[in-house]
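Right, one structure below, let's go through it.
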Amino acid sequence: FFATGDGTEKGLPGGWGNNELQYYLPDNAMIVNGVLEITARRETVGDLGYTSARINTEDRFAFQYGRIEASIKMPSGQGLWPAFWMLSQDSDYLCGGDPCIWAAVGEIDIVEAVNLDGTGGNEIFGTLHYGGEFPANESTETRYTPSVDITEDFHTYALEWDEFEIRWYFDGQLYAVQNSWDSA
C-alpha cells in the first residue's frame, strides 16, 4: 500500500513527526524490469519542496520472530535517507485508539543509510526504537561500513528475530545483535 501525504492524515505532526521534507506520492514508485524503483523529486506539494514514495505492507504481512530480507540497491546523494523498517502491525500510529507519538509503538530499522557517497560515506545502520513516547523513548543502533560500495549494486539486507535477540545481516554477514528492549 502507498502512504500518501505528510503524516497529518494519520494525526501526526507534518513531516511524519520527524520533520521530513517530502510529500509522499504513489507516482514516485514504479516497477521497471521487475525492480521496484522509488524516486525522490524536487517538486513542491503544499509547503514541502520534495516528493518521494512510502510503501507499507499494512494488513498484508506481519510477523513476530523469523527472518525478513530484501535485495536493495541504495541511492547515493546528499539529503537522501533510504530505509527498510517495521512498525507494530497493531499500531497504525495509534495508542489506545488515539494518535500516539513515535516510538511508543516500537520500531525496528532493518537498514538505513544517510547521504551515501556524500557526508554519509558508505555506512549503513540497524536500529531498535523502544520504550515510551518521544522524548521518553530509547534506541539502540549499530553502524556498519561494508567493504563494497552499496550504491553500485544490489545487496541483501536481512534481519532475524527470535524470542531473545534480533540480528542484522549484510550479504549474509552478521554485523549487529541486540538482546535488550521493551516497548510501551
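General remarks:
- So Gly49, is it open to solvent by less than 50 Å² (accessible area, probe 1.4 Å) and farther than 30 Å from Thr145 by Cβ: yes
- Hits in the stretch 1-42 (condition: in contact with a Pro (Cβ under 7 Å, 6 or more places away or on another chain), hydrophobic (A, V, I, L, M, F, W, C) and open to solvent by 50 Å² or more (accessible area, probe 1.4 Å)): Phe2
- You will find that of Phe125, Phe134, Phe84, the residue that is at pLDDT below 90 and either closer than 28 Å to Ile150 by Cα or open to solvent by 40 Å² or more (accessible area, probe 1.4 Å) (or both) is Phe134 and no other.
- Screening Tyr93 against (1) touching a Lys or Arg at 6+ places or on another chain (Cβ under 9 Å); (2) modelled with pLDDT of 95 or more; (3) closer than 21 Å to Leu21 by Cα leaves a single unmet condition, (2).
- For the stretch 139-169, a residue qualifies if it is over 18 Å from Gly120 (Cα atoms), of a type in the set (D, E, K, R) and surrounded by fewer than 16 Cβ atoms within 10 Å (Cβ to Cβ), and the qualifying residues are Asp162, Glu163, Glu165.
- With respect to the conditions (1) part of a loop (DSSP other than H, G, I, E, B); (2) in contact (Cβ under 8 Å) with a residue 12 or more places away in the chain, Phe61 falls short on a single one, namely (2).
- Filter result for Ile108 (modelled with pLDDT under 95, closer than 24 Å to Ile38 by Cβ and under 13 Å from the mean Cα position of the chain (by Cα)): yes
The values are calculated or read from the model by the stated rules, or taken from the named source; none is laboratory data. Fair warning: this is a prediction, and the values are worked out from it, not measured in the lab. A quick note on method: Cβ atoms are made from the backbone with ideal geometry, for glycine too, and the neighbour counts reach across all protein chains shown. Side chains included, ligands, DNA and RNA excluded: accessible areas come from the protein's heavy atoms. Shrake-Rupley method; radii C 1.70, N 1.55, O 1.52, S 1.80 Å.
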